[in-house]
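First up is the structure itself, then whatever we jot down about it.
What follows is calculated from the coordinates using simple rules that are stated; it is not laboratory data. It should be emphasised that the depicted structure is a prediction, and the values quoted were computed from it without experimental measurement. We place every Cβ from the backbone using ideal geometry, glycine too, and count neighbours over all the protein chains shown.
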Amino acid sequence: MMKPQNFILFFVILHLFAGAGSSPTKAAGGHWRVLHHNIGVSATHMQLLNNNRVVLFDGAHYGPSNLTMGAGNCRRHRRNNKVDCTAHSAEYDVATNTIRPLIIDTADDGVWCSSAAVTSDGRTFVRFVQSDGDGNGVEAKVRTYKPCSVSNSDSDCFGEVMDVVLAARRGHPRFYATNHVRPSGRHIIIGPGRGSLFAYEFFPKTQSVSSTKLPISSNNNNNNLYPFVFLNTDGNIFIFNNNRAILFDFVNNKVVKIYPEIPGRGDSTTYYTSAVLLPLKNLKSNVGVEEEVLICGGAPKGSYSQALKGNFIRASNTCARIKITDQKPQWVIETMPQARVMADMTLLPNGDVLIINGAEAGTAGRNLGRKPVFQPVIYRPNSKDGEGSRFKLQNPSSIPRMYLSTAILLRDGRVLVGGSNPNMKYSFSSEVAFPTELRLEAFSPWYLDEEFSNLRPTIIYPPNDTKLGYREKLTVRFTVIGNGGGGGPIAKDSVSVTMVSPSYTTNSFSMNHRELVLEPERVTQIVQNVYEVEVTTPAFRNLAPPGFYLLFVLHQEIPSEGITVMIG
């Protein structure tokens, strides 16, 4: 059992009486803030690391970016033999709100259309494992990166590069693939990208590569892009591609279950929709845990070919929800307030789902979307008021986020939003429908409004980077100013704890995004405004794959700032 240590008095007082500080204009449906008007690269891929920094990846084939690298760090492109001295990857420091270039030594597109995952290797840092997605040869490589702190903005602390030959050399390129962390902590890479069978393989290589054509492959191989992959409680994986889903035993190369098709969707592809695994509950054992997948939006069948002709068909306005652990699972269809294609879906610390970015018409691809959707939607999966009440429109942004936009959850509860580049290269001309977007902004959900500051918890124990085991008692100590700001008692029955795994987000899918709800077993007041909540960590690796998570305390659905914990 983990026990809190003695605390220095002034540290507690600091948290009790510190002012809320300056904040943006309060709004009932959340608020927006532009963090940078020009970060230099278009954030096509994003991942939060355990050092509270975010890596942003773009494509080198776009041509020179607006972010210059230091002297001697130029590259020559193999395709056009041109020299490029600009960065196509960057690191965003959340705490200081600063950007620095990252140097990835590749002569081609590099990390564009890649997949990735974060995992623990048992030391004090987290590795970032990313499989290339260039589509022109380098999709046969894996690169690993080690987060670090540097003072020189031109330095690259992601120096470790592993050029590992994957199955691409045998005709199965990992282009638009999906990575997922297995219960062992190792990775499975699923999906062929274009022009190959729907195959999978492992990293590190502990088993032979499978070239099995799974029963979710499209007849048109171009549609086998970024499949939705979620680890099930039994250790198998749920894979959704196009309009088909299976439960797959990757150890024995066996399909365990074939799920029904989503009603009324035709052959819409994964590439146009977005999905999340809804928060998991009752995690003290591996028995009776329900897993539900939510898939929202998308483009009707034929949208791609019509968009090429200049006819932009209205996107889908429905979400489909299924309990993948049921013996006879069926899809439940719900209607969103807006039609949306190319959306991003992000799990919030309180269990809600944020649906953000995208367009009302057209489809994914270069300049094939129209009518940007500026208003996010919050989906409340546990609403008791009926299915129609689960969607809540939020305040709009002023920035269109179209093809290749991204959104990820930050430790402080905000959602970082970036990207959007439907053009083949960087284009800022008013002659294109949607210029390349270099602005970075943050959306603050309603729970960060100033009026809730007196209800917001602050975790004071355990510290960041605490290591956790499975089925372990965990005590979290926190402060709450209290009702009215005068130190009134909190509502103990409204305290809970969640763990969220940060995602690698690109092309409308957040890989390895997972939320675990830890039910409180004891909530105790220590002194005025200081409380403890005791929970039990998830029982098995199938529920929480090894790696780092953000841990939050919630009071009346208001989350604290998250701390980083490592499980496994």
- With +1 at each Lys and Arg Cβ and -1 at each Asp and Glu Cβ, the charge dipole magnitude of the stretch 275-420 around its Cα centre, to the nearest 20 debye, comes out at 320 debye
- Task: First measure r as the distance between the Cβ atoms of Cys74 and Glu431, then evaluate 1/(1 + (r/R0)^6) with R0 = 25 Å and state the FRET efficiency to the nearest 0.05.
- Result: 0.25
- Note on the structure: Net charge near Phe228 (other residues with Cβ under 15 Å of its Cβ; Lys, Arg +1; Asp, Glu -1) is 0
- Message: Compute, for the stretch 488-555, the length of the dipole vector about the Cα centre, with Cβ point charges of +1 (Lys, Arg) and -1 (Asp, Glu) only. Units Debye, rounded to 20.
- Response: 180 debye
- With label points set 7 Å from each Cα along the Cα-to-Cβ direction at Lys281 and Arg522, the distance between them in nm comes to 2.4 nm
- Message: If I stretch the segment between Lys473 and Asn81 completely, what's the gain in nm (0.36 nm per residue apart, minus their alpha carbon distance), one decimal?
- Response: 135.3 nm
- Message: Past the 17 angstrom mark, what percentage of all C-alpha to C-alpha distances in the stretch 346-474 do you count?
- Response: 67 percent
- Mean Cα-pair separation over length for the stretch 436-568, i.e. relative contact order, pairs under 8 Å, 6 or more apart, %: 33 percent
- Go through His555, Pro457, Thr536 and say which Cα lies farthest out towards the positive end of the charge dipole of the stretch 410-568; charges sit on Cβ, +1 for Lys and Arg, -1 for Asp and Glu. Thr536
- Task: Determine the dipole magnitude for the stretch 446-486: charges of +1 sit on the beta-carbon of Lys and Arg, -1 on that of Asp and Glu, nothing else is charged, the reference point is the Cα centre, and the result goes in debye to the nearest 20.
- Result: 360 debye
- Query: What ranking do 85-92, 250-257 get when scored by the average of other Cβ atoms within 10 Å per residue, highest first?
  - Reply: 85-92, 250-257
- Message: Testing the spin-label approximation: label points 7 Å from Cα along Cα→Cβ at His36 and Asp234. State their distance in nm.
- Response: 4.6 nm
- Quick one: divide the alpha-carbon radius of gyration of the stretch 484-557 by 2.2 N^0.38 Å and tell me what you get. 1.38
- Query: Among Lys281/Lys384; Lys384/Lys492; Lys254/Lys301; Lys323/Lys384; Lys82/Lys425; Lys257/Lys284, which pairs are too far apart, with a Cα-Cα distance over 24 Å?
  - Reply: Lys254/Lys301; Lys257/Lys284
- Note on the structure: Debye calc, one equal point scatterer per Cα of the stretch 248-387, no solvent, log10 I(q)/I(0) at q = 0.12, 0.15, 0.19 1/Å comes to -0.55, -0.81, -1.13
- Rel. contact order, % - alpha carbon contacts under 8 angstrom, at least six apart, the stretch 340-433: 25 percent
- Note on the structure: Residue span Asn317 to Ala95: 0.36 nm per residue of separation minus Cα-Cα distance leaves a gain in nm of 76.2 nm
- Message: Test of understanding: what is the full-extension gain from Thr335 to Val256, defined as 0.36 nm times their sequence separation minus their Cα-Cα distance?
- Response: 25.4 nm
- Note on the structure: In nm, the gap between the two label points placed 7 Å beyond Cα toward Cβ at Glu451 and Ser383 is 1.9 nm
